[in-house]
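The values are calculated or read from the model by the stated rules, or taken from the named source; none is laboratory data. The structure displayed is predicted, hence computed values, not measured ones. In this analysis, Cβ positions are derived from the backbone assuming ideal geometry, glycine residues included, and neighbour counts consider all displayed protein chains. For accessibility, only protein heavy atoms count, side chains too; no ligands or nucleic acids. Shrake-Rupley method; radii C 1.70, N 1.55, O 1.52, S 1.80 Å.
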Amino acid sequence: MRGYYLQRDEFPTFQSVILAGVYDIRNLKQKVRPDSEHKHNSPWNIAAAFHVNMDLEAEGIEGMLAEYEADYHTGMDVKQMAELLYGETCGYPFLVSRLCQLMDEEVAGSVEFPDRQAAWTREGLLAAEKILLMEKNTLFDSLINKLTDFPKLRKLLYSMLFLGETVVFNAHNDVIQLASMFGFVKNVNGAMAVANRIFETVLYNLFLSEEEVSNRTFSAAVADRNQFVQNGVLNMELLLEKFVVHWGDLYHSADEKFIEENGRKFFLLYLKPVINGVGNYYIEARTRDRGRTDVIVDYRGRQYIIEIKIWRGEEYNRRGEEQLASYLESYHAQKGYLLSFNFNKNKVPGVKEISWGGKVIFEAVV
């Protein structure tokens, strides 16, 4: 472009150049200059902010589905399906389109979903999501590659997901600016959150897979996994019971810091090979913090709500039981699961079942 510009008196050339893309022009220098030469002044006169929201709203998804339904008459509940798609993607256009494509072209006509009517359901959407999470595509490659290019971004996302750290959204922080620019995170009431449930699961799967080979908890789950599914039903009670035993064998002398940083991660490492290829899981973002995390597991049409928390005393535990019972109500579920990591030397590890507010809670203490 510079050559054409210098010869503009001899050959007709462009009058102006517009650079458009995911990168903010101020961040391009981070890719073309050595770290020691990073500057924050812009060589351009102006960088125009782009304030158009490119995500789809639930109403927009509903309109697209209505057109599809008019052509194919699947009998789907258009409004409900639009809300389900939005809940999984937060309106990220590629994810919405890809899930719809998978339901239409791959889920429909499969053994489990013989026609479009069966595919365009909540269960069909979960099947499409499972396919999406297992495939290699340019969007997921880009997300993962950015973590390699920007180690601080990787560390930030890891801390948010596994340690439950709350990160205040600050547009002047270089790492937060990068995460926001790439579309990985969003500003939710002044705090950072991963942009959507699909991205969050991709990141969890990536971070967990890096530890699977060498982690003893994962190896124990691989050895045990066949006993946890009986007649196509996941036995969550037995899974938690076995996890308590393995934790006691492997990490009985763990201190408070180790538990806070690794407890929830190790449970996910134990869960993942059991449901892998059949079920899905996700972390409920609104309940994730340093004290507690809720894991939602979908396995063959059945949901399991598991609250994972750090033990902070009897009163805190009772509040946790109350919170879980309330959460079960919102999910229209009768039974939930409570996993407590207790670093008290006088703890009594094991499992028990209690009733709270008309709900059944299966508690496991490690």
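Just a few scattered comments:
- Value at 222 nm in deg cm²/dmol, rounded to 500, when DSSP H runs of n ≥ 4 in the chain each add -39,500 (n - 2.57): -14500 deg cm²/dmol
- Choice from ARG197, ARG318, ARG300 with maximal GNM fluctuation in the chain (Cα, 10 Å cutoff): ARG318
- Loop trypsin sites (Lys or Arg not before Pro), the stretch 103-164, which have at most 11 other Cβ atoms in a 10 Å radius of their Cβ (DSSP): LYS136
- Translational diffusion of the chain, estimated by Stokes-Einstein from the Kirkwood radius over alpha carbon pairs at 37 °C in a medium of 0.692 mPa s, is 141 µm² per second.
- Convex hull volume of the Cα atoms of the stretch 88-204, normalised per residue: 108 Å³.
- Debye intensity ratio I(q)/I(0), log10, the stretch 222-274, q values 0.24, 0.25, 0.26 Å⁻¹ (C-alpha model): -0.95, -1.01, -1.06
- A straight line joining the Cα centroids of the stretch 76-149 and the stretch 246-284 runs 27 Å.
- Alpha-carbon Debye profile of the stretch 271-366, log10 I(q)/I(0) at 0.12, 0.13, 0.18 Å⁻¹: -0.38, -0.44, -0.84
- Spatially proximal lysines relative to LYS146 (Cα-Cα < 16 Å; intrachain offsets below 8 disregarded): LYS29, LYS31, LYS136, LYS155
- Rounded to the nearest 20, the size of the Cβ-charge dipole of the chain about its Cα centre is 1240 debye, with Lys and Arg at +1 and Asp and Glu at -1.
- Residue-normalised accessible area of the chain, expressed per residue, 1.4 Å probe, Å²: 54 Å²
- Residues MET81, MET54, ordered by accessible area of protein heavy atoms at a 1.4 angstrom probe radius and largest first, appear as MET54, MET81.
- 5 Å-binned pair-distance histogram of the stretch 209-320 (Cα, whole percent): 2, 10, 21, 24, 23, 13, 6, 1
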